[in-house]
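Right, one structure below, let's go through it.
FYI, it's all coordinate maths here, none of it is from the lab. This is a predicted model, so every value here is computed, not measured. Ideal geometry is used to build each Cβ from the backbone, glycine not excepted, and the neighbour counts take in all protein chains shown.
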Amino acid sequence: MKHLTLDDIKIPKPDFDSSKTPKGEVVSKWLIEWIKYSLEYGIADIGDLIPSKEDLSLFLNVSPATVQNSIRYVKNLGYLISKQSIGTSIADFYSKELNEKDDLYKGTLTECKIKKIILEKGIKLNSQIPNIKELADITQISQNTIRFALLNLETQGFFKKIRLKGNKFSRIYIKEFELTKEEIENGLKDENFTLTHQLIEKIESYIKKTYKQGEKILPNMAFSRMFGVSIKTINDAMKILNNKKIILSRRGKYGTIYLGKNQNLKTQYTSSERKKTASISYEYSWQKALPVIKKHISENYEAGDKIAPIRELAKILNVSPNTVRRALRELFRGGNLISKRGKSGGIFIVEMPEGEQDVYRWLALNPQAVKFDNLEGKNNE
């Protein structure tokens, strides 16, 4: 694995002046062309890190946000993959085992469904469209997936994001579209066949090919990175596989095992193990910490602000720094936060996170956090 530089770019820069499409779309197509060219002529290999978005922004003379949105779009197509604390690298998109063209590009399905909602509701040009939460409720697709799909549709020039009062935003429908025959056939032929169900088939097939009966399988986070989907989507898929008795998920170091045909393997999970894992406290789960961190950020900061350091947040929420670090990682993945290095560096808010409903349960079980983030939204120091 090597870190590619701007000197490794051997194709011409995109011509924005002669193109009628939005810059983000032009950059996305250019990135794909560069990746394919570099692999074909041996300039790059699978796993090589691409230049930073800041370098690409200067090279292409576009904003870092345009580059970031384009990279997300290309990642959804399977050409790139992000690695925590390392960077973005070229993915093995030729692999037929895990990255078939028609299996996990969740953006296509989601964009089709958003378009269908706009058309069915009869939303007119220059009118406001439903917000992320409303679209997620209608489509039964996660808010993160909806958010990325909207970013792609914004890049294509269909929507425009405007600021309302405070930190709230709205999206306006500014360019007409129609569902193509391909979109209807591939994206909407079965409304109930969601990304999660597609993913279940892929995970189940992978587990059966890779593991023997009774063996411990990869953790959920590893599957999240492998298939390029959110940890919530993986968790939902694993719950269904548990119900189907394909796997048995066990907490802590015991991990998840492949049951195979022997359903009695669950007896290996002894009563002492259950007692030990049941004692794990609610407040030390990053998944439960995430909503209260979102609430703390939304009530104490605005978009563009630098948030408190991880250790300070850990003290405020009465959890370990590792729990905060792991929860913040989801906000990085969702594009809500960005990290900058140097003297003026830190963690900055790109887009305000949306709140969730587990906050009040958290505060009830974690009373020491109430004085910092009480139910009335006041900060008592």
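I'd like the Karplus ³J(HN,Hα) series for the stretch 125-137: coefficients 6.51, -1.76, 1.60, θ = phi - 60°, whole numbers in Hz, and an x wherever there's a Gly or Pro.
Working through the residues one at a time gives 4, 6, 10, 6, 9, x, 6, 4, 5, 5, 5, 5, 5 Hz.
Modelling each spin label as a point 7 Å along the Cα-to-Cβ direction, I'd like the Lys83/Asn322 distance in nm, to one decimal.
Here the answer is 2.2 nm between the modelled labels.
Between Ile11 and Lys168, 0.36 nm times their residue separation minus their Cα-Cα distance comes to what?
Taking Ile11 through Lys168 to full extension adds about 52.5 nm, to one decimal.
Students often check this: by mean Cβ neighbours within 10 Å, which of 45-55, 338-348 ranks highest, and how do the rest follow? Before the final figure, lay out the partial values.
Numbers: 45-55: 16.5, 338-348: 11.2.
In descending order of packing, they fall as 45-55, 338-348.
What is the sum of charges, Lys and Arg at +1 and Asp and Glu at -1, for the other residues whose Cβ falls under 11 Å from the Cβ of Gly335?
On the way: positive: Arg72, Arg147, Arg333; negative: Glu330, Glu351.
Once positives and negatives cancel, what remains is +1.
Of the lysine pairs in the stretch 6-90, how many meet both conditions: Cα atoms under 17 Å apart, and a spacing of 8 or more in sequence or different chains?
Lysine pairs meeting the criterion: 14.
Under 12 Å from the Cβ of Leu4, count the other residues' Cβ atoms, weight Lys and Arg +1, Asp and Glu -1, and hand me the total. Please report the intermediate quantities before stating the final value.
Values: positive: Lys2, Lys10; negative: Asp7, Asp8, Asp45, Asp48, Asp55.
Overall, the nearby charge balance is -3.
Taking only C-alpha pairs under 8 Å that are 6+ residues apart, what is the relative contact order of the stretch 6-90 in percent?
Values: 83 pairs, mean separation 27.8, N = 85.
Relative contact order of the stretch 6-90: 33 percent.
Please give the contour-minus-distance gain from Ile123 to Gln140: 0.36 nm per residue of separation, less the Cα-Cα distance, rounded to one decimal in nm. Numbers along the way, then the final one.
Details: separation 17, 0.36 × 17 = 6.12 nm, distance 2.05 nm.
Here the answer is 4.1 nm.
So for each of 221-227, 23-29 I average, over its residues, the number of other beta carbons within 10 Å; can you give me the resulting order with the highest mean first? Present the calculation step by step, with values, prior to reporting the outcome.
On the way: 221-227: 17.0, 23-29: 21.6.
Order by mean packing, descending: 23-29, 221-227.
Please list, in order, the residues from the stretch 35-79 whose amide nitrogen is less than 11 Å from a point placed 7 Å along the Cα→Cβ vector of Lys161.
Backbone N within reach: 65-66, 69.
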